[in-house]
């Protein structure tokens, strides 16, 4: 996730917004830490040693937890952070928020299953590629029959609430079978390798403290990925997209997908990406914050939470989605 406050905002403002908009109701620990930082000039002075893009709360907190920061009160965290700031600063400078939440596949599957297959998936901002395996996980959508891979239930089971938003919303089109995926590839500035213990530990540190279910799911999904690794290329998504898309096999439908990635581009980069992906053959599946992707109109006529993402196919919103894949509200055709 990304704070609604940009990199140029004062650090205190960024951390207060993170507490109130993103962590509130999702992580008691991060809520307390972020509010604590926002009111603590000495800690802000440390964080301001980082470049603006590296001061984001999720990155700093994850870097601290990568070095075993104690989960709990802000006072205890503050003392630890000041003592270990050199290690935390180095990790924040050399790492990025590459959260790879397999649970987001629960958002992708209803849209992917409606696209004629077989599918060639290309994810931008792929991290370690865990979201390139929607056909290898099991799904439990509330109010629907279990949805499992053809060879039986997966070790990764994704629960997703199909939210009732009243008569304004359309029913979630949960399929009766998973999409067939024949090619998986991704682009990331720094692809992670789930067989590398340090990379896996970094992915673990990016999971918020109270989310033990996500932590267990990460390890199970990583084992699936390690058994059949995707093609991951390093580089800027705008520079590498066309060439990698051209590698998709003939006879497969290309789907370019991304979740919580485009927000990290500047306005010109977002526009360039949107133009490029619209020019490719196949389809474009995006799950991003409202007002992030150029040309996509968010359906505020359908009830949604302030932190919900816009799930869109080919530039048209299909649903409101909880960012980690926990819930989805389909919207009716405009």
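Computed from the coordinates by the stated procedures, all read-outs in this text should not be read as laboratory data. Just so it is clear, the structure is predicted and the values come from calculations on it, not from any experiment. Cβ placement follows ideal geometry from the backbone for every residue including glycine, while neighbour counts extend to all protein chains displayed.
Principal-axis analysis of the Cα atoms of the chain puts helix 57-66 at an angle of about 80° to the longest axis.
When Cα Rg over 2.2 N^0.38 Å is calculated directly from the model, which label among [x] 0.97; [y] 1.13; [z] 1.05 fits? Step by step, Cα Rg over 2.2 N^0.38 Å for this structure corresponds to label [x].
The peptide list 30-36, 321-327, 112-118, put in order of mean Cβ contacts within 10 Å with the highest first, becomes 321-327, 30-36, 112-118. Going by Cα centres, region 133-202 and region 241-266 are how many Å apart? Answer, in whole Å: 18. What angle do you read, to the nearest 10 degrees and between 0 and 90, between the alpha-carbon axis of helix 267-278 and the longest principal axis of the chain? Roughly 20 degrees, rounded to the nearest 10. Does anyone have the angle between helix 28-38 and the longest principal axis of the chain? Alpha-carbon axes, 0 to 90°, nearest 10? The angle comes out near 50 degrees. Entry note, the chain: the mean residue ellipticity at 222 nm calculated from DSSP H runs of n ≥ 4, each adding -39500 (n - 2.57), is -9500 deg cm²/dmol after division by the residues and rounding to the nearest 500.
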